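Remarks on the structure that follows.
The values are calculated or read from the model by the stated rules, or taken from the named source; none is laboratory data. Source: prediction; values computed, not measured. When we count neighbours, we look across all protein chains shown, and the Cβ atoms used for this are built from the backbone with ideal geometry, even at glycine. Heavy atoms of the whole protein, side chains included, go into the accessibility calculation; ligands, DNA and RNA do not. Shrake-Rupley method; radii C 1.70, N 1.55, O 1.52, S 1.80 Å.
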Amino acid sequence: MRVLVVGGGGREHALCWRLASSVTVEEVLCAPGNVGIAEIARRRQIDPLDAAAVTRGALEEDVDLVVVGPEAPLVAGAADALAEAGVPVFGPSADAARLESSKSFAKRVMAEAGVPTAASWAGGDVSEALAALDRFGPPYVVKADGLAAGKGVVVAHDRGQAEAAVRAALEQRVFGDAGATLIVESFLDGPEVSVFALTDGDSVLVLQAAQDFKRVGDRDEGPNTGGMGAYCPVPAVSPELIERLRGEVFEPVLGALRARGVRYVGVLYAGLVLTPHGPQVLEFNARFGDPETQVVLPRLRSDLAALLAACAHRELGGIRPPIWDHRPCVGVVLASGGYPGKYPTGLPITGLDEAAAMADVAVFHAGTRRDGEDIVTAGGRVLCVSALGDTIEDARARAYQAAACIHFDGVQYRRDIAARVTASFPQAAEARS
Ligand code: GLY
C-alpha cells in the first residue's frame with residue numbers, strides 16, 4: 001500500500017512513523033511534511049488547504065490511501081474532493097467535520113443522539129447570551145461556534161470577564177465569523193481526557209485514552225497552548241469505560257449523523273470530562289489530537305495502515321480490536337522560549353540524533369526546518385519527545401532523559417508531564433481551557 005499523509009506537524013510525523021513501520025506499506029508520502037518526516041516519507045510540496053491540489057497529488061502518485069491529519073483541510077473539503085475522485089480517504093467530509101468546525105452543530109447532534117454534554121445556549125444575540133450566563137452561573141463558559149485557532153474558549157469566574165468575552169465576540173467580532181454565533185454552557189467539573197474512535201461510519205474501534213497538558217507551565221500555570229505533553233493510557237479510563245463510551249457516545253453520534261444523511265469516516269476525537277455524574281462530552285474534533293497521537297501510536301501494535309484503510313473502505317466491521325503494547329508512553333513537548341506568546345525562530349537545534357538513538361524513544365518534529373547543515377526552530381511547539389517505559393514513572397524518566405539531550409536557545413518544557421498519574425486524577429479541573 002502507498003499512503004499519502006496530509007499535514008506537517010508532530011501528529012503527522014507520528015502517523016507517518018507508524019505507517020512507515022507497517023509491513024503492508026510500501027511507501028509513505030507526506031504533503032507537505034516536515035524535516036523529521038522527510039527521514040521516513042517522501043515530501044510533496046502541496047498546500048493541504050487546496051483540496052484540488054491534494055487530490056491531483058494523490059492521483060499523480062496513484063496512492064492507495066490518503067490520511068488527512070489536521071482539521072483545516074477537512075473543513076476545506078479535502079476528503080470530499082478525494083472521495084469524488086475515487087481515492088480512498090481516511091478523514092471525514094466537510095459536512096461530517098462540522099462536529100469540530102461548528103460547536104452549535106455538535107451540540108444539536110449530541111442532543112439528537114442523547115449524548116451527555118453540558119447544558120448550553122447558542123446564538124448571536126448579546127442580551128440572550130448575557131441571560132444565558134446568569135442562567136448557567138459561574139464558572140462561566142463562553143465558546144466561539146467556529147474554529148478560532150484554539151483561542152475561542154473563555155472560562156471565567158468573574159461575570160464581568162465573561163460579559164467582556166461575549167461582547168468581544170458578538171460586538172467587536174474578535175473571532176470574525178467564527179464568533180458570530182456563541183455557545184454559553186454550564187461548567188463541567190472534573191478531569192479532561194482525550195479518546196479517539198476509528199470509524200467507517202458504522203463500526204467503531206475506540207482507542208486507549210490519553211491526557212494532554214494544555215497550560216504552558218508546571219502545575220497547570222500560565223496561558224493555554226496547543227498542548228505541552230501527554231501520556232497514554234489513562235488509568236481512570238478503564239476498559240469498561242471505553243466500552244461505555246462506544247455505546248453511549250460514539251455509536252449514537254454516528255447514528256444521528258447517518259439519520260441526517262451524513263456518513264463519518266475517520267477518527268472522531270471526544271474531549272471528555274469525567275464528572276462525578278459520569279463522562280460528559282466537552283467537544284468533538286474531527287482528527288487525531290496533538291500531542292496525544294504522539295503517545296497513543298507508539299503503543300499501538302496493530303497495523304495502523306490496515307485499520308485506517310478499513311475505515312476508508314467501509315470494512316471496519318471485520319477488523320479485530322487493536323493490540324496494545326502494555327508499556328505506558330509519555331511525551332514531552334519542547335517549545336520555543338516565549339511560546340505561546342511571541343518567540344524567535346531559526347535557532348539551531350542540537351542533540352536530536354542522540355535523543356532519537358535511545359531505545360524506545362521517538363522524537364517527533366513539529367516546528368522545525370532545515371537551514372544548510374542545521375535543523376533549526378520554525379514554530380512555537382518545536383518537538384515532542386515520546387518514550388515508552390515499563391511503568392509511567394519509567395516512561396517519563398526516559399522521556400525527560402531524551403529531552404535533556406536536545407538543546408536550542410530558550411528551549412522550554414514542562415517538568416511535570418505525567419508526574420501525578422493516578423486512577424483518581426489529581427489535576428485541577430479548572431486548569432483546562
Ligand atoms: N490536544 C488537543 C487537540 O489536539 O486539540
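Things worth noting here:
- Projected area averaged over orientations for segment 306-396, convex hull of C-alpha atoms, nm²: 8.9 nm²
- Each residue of the chain gets 134 Å³ once the volume of the Cα convex hull is shared out per residue.
- Segment 165-255 - Kirkwood radius from inverse mean 1/r over Cα pairs (Å): 16.2 Å
- Principal semi-axes in Å for segment 70-119 [√(5λ), Cα gyration tensor, largest first]: 26, 11, 7
- The alpha-carbon positions of segment 226-338 define a convex hull whose volume is 149 Å³ per residue.
- Peptides 265-275, 53-63 ordered by packing proxy, namely the average of other Cβ atoms within 10 Å per residue, highest first: 265-275, 53-63.
- Probe 1.4 Å, protein heavy atoms only - accessible area per residue of the chain in square angstrom: 38 Å²
- For segment 1-117, the gyration tensor built on C-alpha atoms gives a prolate shape. Its axis ratio a/c (a ≥ b ≥ c) is at least 1.5, and a/b is the larger of a/b and b/c.
- Förster radius 35 Å - calculated FRET efficiency between Arg320 and Val174 (Cβ-Cβ, nearest 0.05): 0.15
- Surrounding net charge for Pro344, when Lys and Arg each add one and Asp and Glu each subtract one, Cβ distance under 14 Å: 0
- Stretched out straight at 0.36 nm per residue, the stretch from Arg219 to Asp125 would grow longer than its current Cα-Cα span by 30.1 nm.
- Residue-span extension gain [Ala259 to Arg415] - 0.36 nm each, minus C-alpha spacing: 51.5 nm
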